[in-house]
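Asks: Supplied in structure tokens, the structure appears directly below.
The values are calculated or read from the model by the stated rules, or taken from the named source; none is laboratory data. Everything quoted here is computed from the prediction, not taken from an experiment. Heads up, the Cβs are rebuilt from the backbone with ideal geometry, glycines too, and the neighbour counts pull from every protein chain shown.
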2 protein chains.
Amino acid sequence: MAGTEQPDLEPDLEPDLEADLELLAPLTDFDAFRENGYALIDWIADYLTSLGQRPVCEPVEPGEVRAQLPVAAPQLPEPFSSVLADLDDVIVPGLAHWQHPGWFAYFPAMTSPASMLAELASAGLGVQGMIWSSSPAVTELENHVLDWLVDLMGLPEAWKTTSRGGGLLTSGASASTLIAMINGREKCRKRTGAPVEQMVVYASSQAHSSVEKGARLAGFGHVRLIDVDDEFALRPQSLAEAVSQDLVGGLSPAAAVSALGTTGTTAVDPVRGVGEVAARWGMWHHVDAAYAGSAMVCEEFRHHLAGVELVDSYTFNPHKWFATNLDCSVLWVADRVPLIDAMSIDPPYLRNEATDSGRVIDYRNWDLSLGRPFRALKLWFVIRALGAEGLRATIRRHTQWARDLSARIDGHLCLRRIAPTPFALVSFVHTAGDAATRALATAVNDTGRYFVTVSEIEGRPYIRVAIGATLTARHHVDSFWQFINESAVTLRPPEK
Amino acid sequence: MAGTEQPDLEPDLEPDLEADLELLAPLTDFDAFRENGYALIDWIADYLTSLGQRPVCEPVEPGEVRAQLPVAAPQLPEPFSSVLADLDDVIVPGLAHWQHPGWFAYFPAMTSPASMLAELASAGLGVQGMIWSSSPAVTELENHVLDWLVDLMGLPEAWKTTSRGGGLLTSGASASTLIAMINGREKCRKRTGAPVEQMVVYASSQAHSSVEKGARLAGFGHVRLIDVDDEFALRPQSLAEAVSQDLVGGLSPAAAVSALGTTGTTAVDPVRGVGEVAARWGMWHHVDAAYAGSAMVCEEFRHHLAGVELVDSYTFNPHKWFATNLDCSVLWVADRVPLIDAMSIDPPYLRNEATDSGRVIDYRNWDLSLGRPFRALKLWFVIRALGAEGLRATIRRHTQWARDLSARIDGHLCLRRIAPTPFALVSFVHTAGDAATRALATAVNDTGRYFVTVSEIEGRPYIRVAIGATLTARHHVDSFWQFINESAVTLRPPEK
């Protein structure tokens, strides 16, 4: 009975598959896994503890890393020791080291031992949470830690999965914002029937590029970047005027985005003011708190949340300033029904009893992704390793160091801050002008000990110092200050 | 000079920050990291090697996992040993174990020790590749391993980053397909100026839900699911007719998707036939090879690629059947210029010399995401650990076992396959009808030793057996066969 030949079966493959067993040993040799795993744990500890002795950004020319890699993939297995050696010899010398204690560029990618281990645990378990039943603990832990964070951060009770809203973990603020934009589009479509080409998204001129990108990817025809005040926060009056103009012009206002901590200078848009305009015209209101959202774990920052009860969706990135390695972004919605309406379709191979009962959350119907890694482990490990008090302490010391640096800059004749320091980003220029500002940044980055970003605002360059790398201690900020304190005085702008 | 008070500075935070140092020890205690890391490596090895003794799916009721977690997050740090104990006591008993040797559900989430370690290395390095200069090796390794795979899989030379096209790594086929849909929309917009509400996407009635979802998220007004033939592959003639009808109806055909291995039965759409229709009407042609793409590492499967030179984009998921843990999806495009046109905007804080020179790839301009983890490490570790020959051996043995199982099913009086077995998925029914098919699946899953998915095709249930878990050996498939061989005969459909 078994083994009967059937005409429609394709011909047998290689007859002697067992000869391949040796080739396949690397898949199931767990003694080797233990040994290689210990070695890699040690390698990471050695990398991180010796990082301060390397340049923050290795000097690399385009193509230099690739030139060291073999043109063709290997045909036969290589030992783990070769891979580890190439990490040292090829990969590390081609990195900008985001974990370096002198990393002040972009925003921090603050991480922690707990988060790294959670990432490993997630990889080891190898489960995924597309629907509740595809591995229930994946969904329930995600529900639970995001409900924890609502409490820890003083956010609206309605955002809990146990209430009308709920949170999910995505790959980043770009994904979170894209989901928000799609929700704004669908809300407007239902209300007005307008084509998306005639819909408008509003954000401040200082909004992150992910807002414009998300709007564009969602198909919106118009993105309006609204005036900001002297502190680079959106002016609700200007927003109201822009909306009125668009309505007169026959367009359909669909979504407004408030930045809680812009990327440029961590300016905070008036969430209530934007929310009132959004509510008046039935727009979706999204808050981008990608960086500064982490600070809400401390009560003294929560005045920035005023009006947050008017918000439809809110994103913050634990992978920036909450000791959690990339990727991990939180998106909360105040009401999950429109989210699920916008994001779900239900194929037969994903139907099951639990889903049909309506007693569980199937995150595939909330998210862009179907396959979803067990990211909640990272937040769970991190929150437990540090406790809420530990997380507050990190936010507070980074902010304190940034304010101390701000005070020093304010006291320096050649330096001028261009924006307040509500969190741990300091934005400043050289008073001698753009060339001096650029030259100062170049001097800083050329040390190899610190790395800052030069950005532009209103067409003028300025230096961003973002404090928050895990390994940064106060003395790193102090020595950085000593360097700019002296360089700012002695520095000559480069010859043209 | 330093420390001068300025009126616009916010008040000092906690004065005694150093008292928090103990709280912060978990961030930088690398001795503890080593110890906890070894313990977790051992925990994972123990979990995976003992997994066969657990039920494939733990019996869990909705809410059961959450009920075991504290209502509030901890205020103070907890030791790693507590977290590890809770993994055992709370998390593991709430999982469906995708790595179990009896996991035959959905598609495999095949992983490997090399991939898990690469995930750990990526977390430990903590760098990210939004642009080349944000950590050059991240981008260059991604370029390089995806070019390797073009060669390893016999794909068009033009898809290499060194040629006109290129590959990128995304979080999954949903993200990859959404990018493809957005490209289809923009291509159609440029050509026709039609609003997206009047644009149409075409795929077979057997296409994965991510196609319909991607089209919907991209804003498309219409998705046409085209007839399939007896083997569940799209009929190009039906596609051509649907396109003609839509043109007559004033709509704008924008994109067509070929499945290379459908989720339902791994049917292969005729890529050339679809490609010719797409080319004729200027549509974007995307190939979804999420599962079966991995098999292209073996030459004997490449006849399925006929016509692939007519493709605009192509996705496959190493996290399904290429020994790489979630998440890791590849998207290739034949021409990167329209991709970059559709996906890029350039804010000032991301400008830099390397980007301006045009000599590097900035993946942020290819991807949905800005922040991008170092996923290429996973493919690099996996390809080196197994070699191309090792990867081929895994594909070949899984396919051989599936074909052996198919032959046995074909020889059984009470069982009938409903589709060919071109890869390692076997689709069959009980000849006594739908109730018997469902009862057989329930009997299988109730053993706790195996787990299969029941899906539906043309309104009728059938059993999907997807072979490909890393720990599955031939004897697991043999004992599974013994069980269904006997159960199919003795089984009585349940009373109504």
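Asks: Pick from B:Thr28, B:Thr49: which is free of Cβ contacts under 8 Å to residues at least 12 places away in the same chain, β-branched (Val, Ile, Thr) and closer than 24 Å to A:Met110 by Cβ?
Replies: Matching residue, one of B:Thr28, B:Thr49: B:Thr28.
Asks: Please go through region A:267-277 and pick out each residue that is of a type outside the set (Gly, Ala, Ser), surrounded by 19 or more Cβ atoms within 10 Å (Cβ to Cβ) and in a helix (DSSP H, G or I).
Replies: Hits for region A:267-277 are A:Val271, A:Val274, A:Val277.
Asks: Something else about it: For region A:453-495: of the residues being of a type in the set (Val, Ile, Thr) and touching a Phe, Trp or Tyr at 6+ places or on another chain (Cβ under 6 Å), which is farthest from A:Leu405 (Cα to Cα)?
Replies: First, the residues of region A:453-495 that are of a type in the set (Val, Ile, Thr): A:453-454, A:457, A:463, A:465, A:467, A:470, A:472, A:477, A:484, A:489-490.
When the remaining residues are screened for being touching a Phe, Trp or Tyr at 6+ places or on another chain (Cβ under 6 Å), the result is A:453, A:463, A:465, A:467, A:477.
Numbers: A:Thr453: 16, A:Ile463: 13, A:Val465: 9, A:Ile467: 10, A:Val477: 8 Å.
Applying the filter and picking the extreme gives A:Thr453.
Asks: Still on this structure, please answer the following. Considering only residues that are polar (S, T, N, Q) and within 9 Å of another protein chain (Cβ to nearest Cβ), look in region B:80-103 and name the one that is surrounded by the fewest Cβ atoms within 10 Å (Cβ to Cβ).
Replies: Within region B:80-103, the first condition is being polar (S, T, N, Q), and the residues that meet it are B:81-82, B:99.
Okay, now just the ones that are also within 9 Å of another protein chain (Cβ to nearest Cβ), so B:82, B:99.
Numbers: B:Ser82: 12, B:Gln99: 24.
Taking the candidates together, the pick is B:Ser82.
Asks: Another question, if that's okay. Go through (1) under 17 Å from A:Asp367 (Cα atoms); (2) in contact with a Cys (Cβ under 8 Å, 6 or more places away or on another chain); (3) of a type outside the set (A, V, I, L, M) for A:Thr139 and report which single condition fails.
Replies: (2)
Asks: Conditions: (1) within 14 Å of the chain's Cα centre (by Cα); (2) farther than 20 Å from A:Thr161 by Cβ. A:Glu299 meets all but one. Number of the miss?
Replies: (1)
Asks: Which one is nearest to the other protein chains (Cβ to nearest Cβ) among residues in region A:27-79 that are among the basic types (Lys, Arg) and either over 25 Å from B:Asn143 (Cα atoms) or surrounded by fewer than 15 Cβ atoms within 10 Å (Cβ to Cβ) (or both)? Break it down into steps so the answer makes sense when it comes.
Replies: Filtering region A:27-79 down to residues among the basic types (Lys, Arg) leaves A:34, A:54, A:66.
With the extra rule that they be either over 25 Å from B:Asn143 (Cα atoms) or surrounded by fewer than 15 Cβ atoms within 10 Å (Cβ to Cβ) (or both), the set shrinks to A:34, A:54.
Details: A:Arg34: 5, A:Arg54: 12 Å.
The qualifying residue nearest to the other protein chains (Cβ to nearest Cβ) is A:Arg34.
Asks: Every residue in region A:74-97 that is touching a helix residue (DSSP H, G or I) at 6+ places or on another chain (Cβ under 8 Å) and part of a loop (DSSP other than H, G, I, E, B), please.
Replies: Matches in region A:74-97: A:Pro74, A:Gln75, A:Leu76, A:Pro77, A:Glu78, A:Leu95, A:His97.
Residue-wise test of (1) over 22 Å from the mean Cα position of the chain (by Cα); (2) of a type outside the set (Ser, Thr, Tyr); (3) part of a strand (DSSP E or B).
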position	(1), (2), (3)
A:Leu239	yes, yes, no
A:Ala242	yes, yes, no
A:Gln245	yes, yes, no
A:Gly250	yes, yes, no
A:Ser258	no, no, yes
A:Thr265	no, no, no
A:Gly282	yes, yes, no
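Asks: Still on this structure, I have one more. Among the residues of region B:121-136 satisfying the criterion of being of a type outside the set (A, V, I, L, M) and assigned to a helix (DSSP H, G or I), which is farthest from the chain's Cα centre (by Cα)?
Replies: First, pick out the residues of region B:121-136 that are of a type outside the set (A, V, I, L, M): B:122, B:124, B:126, B:128-129, B:132-136.
When the remaining residues are screened for being assigned to a helix (DSSP H, G or I), the result is B:122, B:124, B:132-134, B:136.
On the way: B:Ser122: 19, B:Gly124: 24, B:Trp132: 25, B:Ser133: 28, B:Ser134: 26, B:Pro136: 26 Å.
Applying the filter and picking the extreme gives B:Ser133.
Asks: Take the residues in region A:194-225 that are away from chain B (no Cβ under 12 Å) and in contact (Cβ under 8 Å) with a residue 40 or more places away in the chain, then tell me which one is farthest from A:Thr263 (Cα to Cα). Let's see the steps before the verdict.
Replies: Here is the first cut: in region A:194-225, the ones away from chain B (no Cβ under 12 Å) are A:200-204, A:222, A:224.
From what's left, in contact (Cβ under 8 Å) with a residue 40 or more places away in the chain: A:200-204.
Values: A:Val200: 22, A:Val201: 19, A:Tyr202: 17, A:Ala203: 13, A:Ser204: 12 Å.
My answer is A:Val200.
Asks: The conditions are (1) out of contact with any Lys or Arg (no Cβ under 9 Å at 6 or more places or on another chain); (2) of a type outside the set (A, V, I, L, M, F, W, C); (3) crowded, with 24+ Cβ neighbours inside 10 Å, and A:Gly264 fails exactly one of them. Which is it?
Replies: Of the numbered conditions (1) out of contact with any Lys or Arg (no Cβ under 9 Å at 6 or more places or on another chain); (2) of a type outside the set (A, V, I, L, M, F, W, C); (3) crowded, with 24+ Cβ neighbours inside 10 Å, the odd one out for A:Gly264 is (1).
Asks: Is there any pair linking a residue in region B:274-287 that is within 23 Å of B:Val330 (Cα to Cα) and free of Cβ contacts under 8 Å to residues at least 40 places away in the same chain to one that is in a strand (DSSP E or B) and among the aliphatic types (A, V, I, L, M), with Cβ under 6 Å and at least six apart or on different chains, and which?
Replies: Taking only residues 6 or more apart or on different chains, the pairs are B:Ala278/B:Ala256; B:His285/B:Ala256; B:Val287/B:Leu260.
Asks: Another question, then. Just to be sure before I move on: is A:Gly166 in contact with a Lys or Arg (Cβ under 6 Å, 6 or more places away or on another chain), more than 10 Å from every other protein chain (Cβ to nearest Cβ) and surrounded by 24 or more Cβ atoms within 10 Å (Cβ to Cβ) in the structure I sent? Give the derivation first.
Replies: Details: in contact with a Lys or Arg (Cβ under 6 Å, 6 or more places away or on another chain): yes; more than 10 Å from every other protein chain (Cβ to nearest Cβ): yes; surrounded by 24 or more Cβ atoms within 10 Å (Cβ to Cβ): yes.
Criteria met by A:Gly166.
Asks: Looking only at residues in region B:459-482 that are in a loop (DSSP other than H, G, I, E, B) and within 12 Å of chain A (Cβ to nearest Cβ), which one is farthest from the chain's Cα centre (by Cα)? Can you show your working first?
Replies: Initially, region B:459-482 is screened for residues in a loop (DSSP other than H, G, I, E, B), giving B:459, B:467-473.
Remaining after also requiring within 12 Å of chain A (Cβ to nearest Cβ): B:459, B:468-473.
Values: B:Gly459: 26, B:Gly468: 14, B:Ala469: 14, B:Thr470: 16, B:Leu471: 19, B:Thr472: 20, B:Ala473: 23 Å.
Of everything passing the filter in region B:459-482, B:Gly459 is farthest from the chain's Cα centre (by Cα).
Asks: Give me a count of the residues in region B:241-257 that are without any contact (Cβ under 8 Å) to a residue 40 or more places away in the chain and either buried (at least 22 other Cβ atoms within 10 Å of the Cβ) or of a type outside the set (Val, Ile, Thr) (or both). Please lay out each step first, then the result.
Replies: Let us first name the residues in region B:241-257 that are without any contact (Cβ under 8 Å) to a residue 40 or more places away in the chain, namely B:241, B:244-245, B:247-249.
Filter again for either buried (at least 22 other Cβ atoms within 10 Å of the Cβ) or of a type outside the set (Val, Ile, Thr) (or both), leaving B:241, B:244-245, B:247, B:249.
Qualifying residue count, region B:241-257: 5.
Asks: Quick one: would you say A:Arg191 is closer than 17 Å to A:Asp246 by Cβ and at the interface with another protein chain (Cβ under 9 Å from one of its Cβ atoms)?
Replies: Details: closer than 17 Å to A:Asp246 by Cβ: yes; at the interface with another protein chain (Cβ under 9 Å from one of its Cβ atoms): no.
Judged against the criteria, A:Arg191 is not a match.
Asks: Right, something else. Provide a single number: the residues in region A:145-183 that are farther than 21 Å from A:Gly214 by Cβ and without any contact (Cβ under 8 Å) to a residue 60 or more places away in the chain.
Replies: Qualifying residue count, region A:145-183: 6.
Asks: So how many residues does region A:345-377 have that are modelled with pLDDT of 90 or more and more than 22 Å from the chain's Cα centre (by Cα)? Outline the logic, then answer.
Replies: At the first step, the residues of region A:345-377 found to be modelled with pLDDT of 90 or more are A:360-377.
If we keep only those that are more than 22 Å from the chain's Cα centre (by Cα) too, we end up with A:360-362.
Going through region A:345-377 one residue at a time, the tally reaches 3.
Asks: Look at region B:203-222 and say how many of its residues are over 20 Å from the mean Cα position of the chain (by Cα) and more than 16 Å from A:Val196 (Cβ to Cβ). Please lay out each step first, then the result.
Replies: Applying the first criterion (over 20 Å from the mean Cα position of the chain (by Cα)) to region B:203-222 yields B:205, B:219-222.
From the residues that got through so far, the ones that are more than 16 Å from A:Val196 (Cβ to Cβ) too are B:205.
The number of residues fulfilling the criteria is 1.
Asks: Report the residue count in region B:133-161 for those that are surrounded by fewer than 23 Cβ atoms within 10 Å (Cβ to Cβ) and under 16 Å from B:Leu339 (Cα atoms).
Replies: Residues in region B:133-161 being surrounded by fewer than 23 Cβ atoms within 10 Å (Cβ to Cβ) and under 16 Å from B:Leu339 (Cα atoms): 3 in total.
Asks: Take A:Pro318 and tell me if it is buried (at least 23 other Cβ atoms within 10 Å of the Cβ), away from chain B (no Cβ under 11 Å), of a type outside the set (Phe, Trp, Tyr) and closer than 24 Å to B:Gly126 by Cβ. Show your work before the answer.
Replies: On the way: buried (at least 23 other Cβ atoms within 10 Å of the Cβ): yes; away from chain B (no Cβ under 11 Å): yes; of a type outside the set (Phe, Trp, Tyr): yes; closer than 24 Å to B:Gly126 by Cβ: yes.
When the stated conditions are applied, A:Pro318 passes them.
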